[in-house]
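Read-outs: derived from the displayed coordinates by stated rules, not from any lab. Not measured: the values here are computed from a predicted model. Counting neighbours? That spans all protein chains shown, and the Cβs are built from the backbone with ideal geometry, glycine included.
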Amino acid sequence: MKPQLVPVLLLLAALGVATWLFFGPGGAPAPWTPPAEGAGSARSTAAPASVTTAGRGGTAADAAPSAAPTASERTEVSAPPNEVAASPRVTGRLVDREGAPRAGLEVAARTWGLGGAAEVIADVPGAAAAGQKVTTDDAGRFVFTLDGARSGSLSLEAEHLVFAERARFRGDRADQDLGDLLVVDAATIAGVVRDQLGAPVPGVRVAAEFGPMGVGSTSRTETDEQGAFVVGRLRPGTWTLRATSARHLPGAAEQRLEAGQQLEGVVITLEAGAAIAGRVVDERGVGVGEMSVTSQRTERTGEVEIVRFSDEEAAVTGADGSFVVAGLEGQRATLKAYGDGHTTAIQVVEVGAEPVVMRVQRLARISGVLVNETGDPVAGSRVRASTDGGAEGGATALVEDVADLDLHRIDGARATTDEA
């Protein structure tokens, strides 16, 4: 025998032994089959870890406890890890710190159909479906039935209670048991917003954000005439308070909270910064009122840099289109003007220069009645208009069923038909 053939023969012998040990004398493993109708409960939150079957040629009597098959006659078959379910369920149990069940609590589920993209986003405007609400039973258990593969998050309806950690589930069309979810008393943060001279600043929006870039959770409020604020329904952990105003530079403060802690006396100081005055006019040179004008901000959270325009920091033009945007830093600023019935204008301006002029264009309007084949009006359908790219600049009206609407895939103007 040639020496180079020895390793090959040893490899083939090892594969033969492994095949015999895995399949046994009965041949290939029996395929997994779902339980018959009426056998046990209609559905289970988890597939069995394995199914024991009789060896080749066995009968039901052979598989009975009185005649259990030997180790060489039975085969262990693992169930599919992701069994597809048309209406997957999300289950779990609410408990307190001692592990006792929290019965009679109302739990709300907010869902979305964006798959993995929404897993890291706290709130996706227009993406959430109407939420479901259930009440926990005497054992603290809850069950939600989903309409297909939808991701989502859970919240408690009680104002004084929160989850100790964020409760999320993924839309993979499989039943999910979230296990025991700890419920604790909600924490609050109270304080005041002042300017650099120590005077209270009313009308400032204060947001408490949890996690990097605020994607964990957010609680919002607005300061009163004395500059005071209270943000509540906060779970344990580190929260970042962000104060934003159209008249000041943004301010921030970080606070660590324990379960149920009522933190008071927090002070956030805002600086005025520079300001820019100007007007928003249309293509005729006529001033446009009720337009929002905001400046681009750059925020840093750890090593992450966020560049954004914020509606919360926008100034609103007067009847003649005039505006003043304050709270600016640096030598240049990027302004954005936007509003109903007009295009959006973005312009880079010099801070402290002469009043700027931002030009927008008026948008046309299309009105009509949507009817079916018998001439009856069709209510609740979404109609959108988009330019067809033709030389005449025409528009094409498209009708979509509101039930199948994905707001993140739609461009152009849109409206929903009324009862008429």
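What's log10 of I(q)/I(0) for region 216-322 at q = 0.12, 0.19, 0.20 Å⁻¹, Debye sum over Cα points only, no solvent?
The Debye formula, applied to the Cα set alone, gives -0.57, -1.10, -1.17.
Taking N as the number of residues in region 219-279, what value does Rg over Cα atoms divided by 2.2 N^0.38 Å take?
1.35
At residue 199 and residue 220, where each label point lies 7 Å from the Cα along Cα→Cβ, what is the point-to-point distance in nanometres?
Between residue 199 and residue 220, the simple spin-label model gives 2.7 nm.
Once you put a point 7 Å from the Cα of residue 350 and another 7 Å from the Cα of residue 98, both along the Cβ direction, what distance in nm separates them?
Calculated label separation equals 7.2 nm.
Which stretch or stretches of region 190-204 have amide N atoms under 19 Å from the point lying 7 Å from residue 230's Cα along the Cα→Cβ direction?
What the label zone holds, given the 19 Å backbone N cut-off, is 190-194, 201-204.
When the expected Rg is taken as 2.2 N^0.38 Å, what fraction or multiple of it is the alpha-carbon Rg of region 145-190?
Relative to the 2.2 N^0.38 Å estimate, region 145-190 comes out at 1.39.
Note down the nm distance, to one decimal, between modelled labels 7 Å out along Cα→Cβ at residue 324 and at residue 274.
1.7
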